[in-house]
1. What's the number of the condition residue 233 fails, among (1) loosely packed, with under 14 Cβ neighbours inside 10 Å; (2) at pLDDT below 80?
2. Taking the condition of being within 18 Å of residue 80 (Cβ to Cβ) and either modelled with pLDDT under 80 or in a helix (DSSP H, G or I) (or both), how many residues in segment 1-45 meet it?
3. Starting from residues that are small (Gly, Ala, Ser) and at positive phi, keep the ones in segment 17-65 and report whichever is surrounded by the most Cβ atoms within 10 Å (Cβ to Cβ).
4. Under 7 Å between Cβ atoms, at least 6 apart or on separate chains: pull out the pairs that start in segment 378-390 with a residue that is part of a strand (DSSP E or B) and end on any residue that is crowded, with 16+ Cβ neighbours inside 10 Å and of a type in the set (Lys, Arg).
5. Filter segment 295-324 down to residues that are modelled with pLDDT under 85 and either small (Gly, Ala, Ser) or over 17 Å from residue 350 (Cβ atoms) (or both), then give me how many there are.
6. Identify all residues within segment 60-94 that are among the β-branched types (Val, Ile, Thr) and assigned to a helix (DSSP H, G or I); write none if there are none.
7. Residues in segment 229-241: is at least one within 24 Å of residue 323 (Cα to Cα), without any contact (Cβ under 8 Å) to a residue 24 or more places away in the chain and either in a helix (DSSP H, G or I) or touching a Lys or Arg at 6+ places or on another chain (Cβ under 6 Å) (or both)?
Amino acid sequence: MKKALQEKESPIEKQSNQERLLILTVDRDNDIGKLLGVSGPIVGYDNNLKLANNLILKDPEESDANAIFAALKKYSELKKDYEIEIATLTGHSKENLFFADKNISLQLKSVLETFPASAFIFVTDGAEDDQVIPILQNFGPIISKELVIVKQSKAIESTFYMIKKAINDPAFARIIFGIPAIILLLVFFFKGLALRIIILLLGLYLLVRGFNLEAKLINFFKALASKFSLTRISFPFYIASLFFLIYVCIDGTNLFFANSTFIMWQRIIFVIRAELLYLVLCAGFYVLGNIIDIIYQRALYKLGSAIFALVAVFVFSGVLDLSFQFILGEIEFNSFIVVILFSSLFLFILHLITGIFDITKDVTELLIGLPVISKYGVWLGEVISVDKDKKTISYKSRNGKVITVISQKHFFIQDGQVII
């Protein structure tokens, strides 16, 4: 009877032994790439063991190394009962999470082509990597998830140590010291108006965080700061743009408080109309400087959008002024609608004309000089020539020795880069 029962259970054991499991760890913000210069996928027990050792030696506090060691331990526990493989996937920097998730998806697809797993075991070191769970589930079910929490000594867990670590962290330092410093300075300089300014800044801050605009604004101001360089031919245009912006802020504030007898919306319209010319000059000089940079840097693929932006500044300012006139009853509704329609038609035609600079549509000479990047974010070289008839581009490697030719079906254009 016992023997018969064993024979009855054996097919189930045989079926479970044939299950193919893939143990995954994910480094979404690509700390592995930053510390070791290695890109995923890293597949296999030996390769991941070497990776974890190198990572922990490079940075003993790196939690990704502990997650990989935990995945290796899980591999050793399950390898007798299942057909199993282990892989580490890498993403990209926190400034470009879309590209990070795209890298992870492509790497997982590559792993599954060589090891078609039926399910995943996900080993993670925290909430940041948990964001990729929906990506993993697109390729298969996650039957187990393990969170790795590194045990600390009592001294490290002390309140003093945690406060010290928080103070040294730039993100916490901005909150602990930066915000109180701003409040104190506002109270000192503006006194009675300080509370209203603080509420305004707090509202703007919550707006930025609520719509996840922080990274975009940081990148914008970094790009803006890089333009104010004496080595640029466009430097005088950016200085002029900054001058008009400062003038608008100061003069507009004075006009706003000088007309306190008007109701709020009338004061706002009055100030904007009074400063509209200077705002147009501010935006116009900035775009002109940008056009000069584009021509000087031979980044002609951006020229179409820059020309469109320059013309749109003047069109938009005219439409805005007419809108205020309509609100104040200075022009009729029919005249206002006609201007709106003609402005929209004009911008549409201009968009079609400037579309000749769109490098995403065809293989043109505008691609020459663009950087060539792998799908994992590795810089490969620079485009040196194109063949319009064969629809191919040639790029030179980083050492300048190897020239590679690829066809249009093997690359695409994104953010001024050729992605292979």
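The values are calculated or read from the model by the stated rules, or taken from the named source; none is laboratory data. Worth saying up front: this structure is predicted, and the values here are computed from it rather than measured. Neighbour counts run over all protein chains shown; Cβ positions are idealised from the backbone, glycine included.
1. Single failed check for residue 233: (2).
2. First pass over segment 1-45, keeping only residues within 18 Å of residue 80 (Cβ to Cβ): 9-10, 12-23, 44-45.
If we keep only those that are either modelled with pLDDT under 80 or in a helix (DSSP H, G or I) (or both) too, we end up with 9-10, 12-19, 45.
Residues that pass the stated criteria total 11.
3. First, the residues of segment 17-65 that are small (Gly, Ala, Ser): 33, 37, 39-40, 44, 52, 63, 65.
Filter once more, so that each one left must be at positive phi: 37, 44.
Numbers: 37: 8, 44: 16.
Restricting to residues being small (Gly, Ala, Ser) and at positive phi, the top hit is 44.
4. Hits for this filter: 381/396; 382/396; 384/396.
5. Narrowing segment 295-324 to residues modelled with pLDDT under 85: 295-305.
Keeping just the survivors that are either small (Gly, Ala, Ser) or over 17 Å from residue 350 (Cβ atoms) (or both) gives 295-301, 304-305.
Counting residues in segment 295-324 that are modelled with pLDDT under 85 and either small (Gly, Ala, Ser) or over 17 Å from residue 350 (Cβ atoms) (or both) gives 9.
6. Answer for segment 60-94, where residues must be among the β-branched types (Val, Ile, Thr) and assigned to a helix (DSSP H, G or I): just 68.
7. If we filter segment 229-241 for residues that are within 24 Å of residue 323 (Cα to Cα), which is where we start, we get none.
No, segment 229-241 has no match at all.
A quick yes/no check of all residues on (1) more than 27 Å from residue 368 (Cα to Cα); (2) surrounded by fewer than 16 Cβ atoms within 10 Å (Cβ to Cβ):
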| residue | (1), (2) |
| --- | --- |
| 223 | no, yes |
| 229 | no, yes |
| 241 | yes, no |
| 244 | yes, no |
| 256 | yes, no |
| 263 | yes, yes |
| 283 | yes, no |
| 313 | yes, no |
| 326 | yes, no |
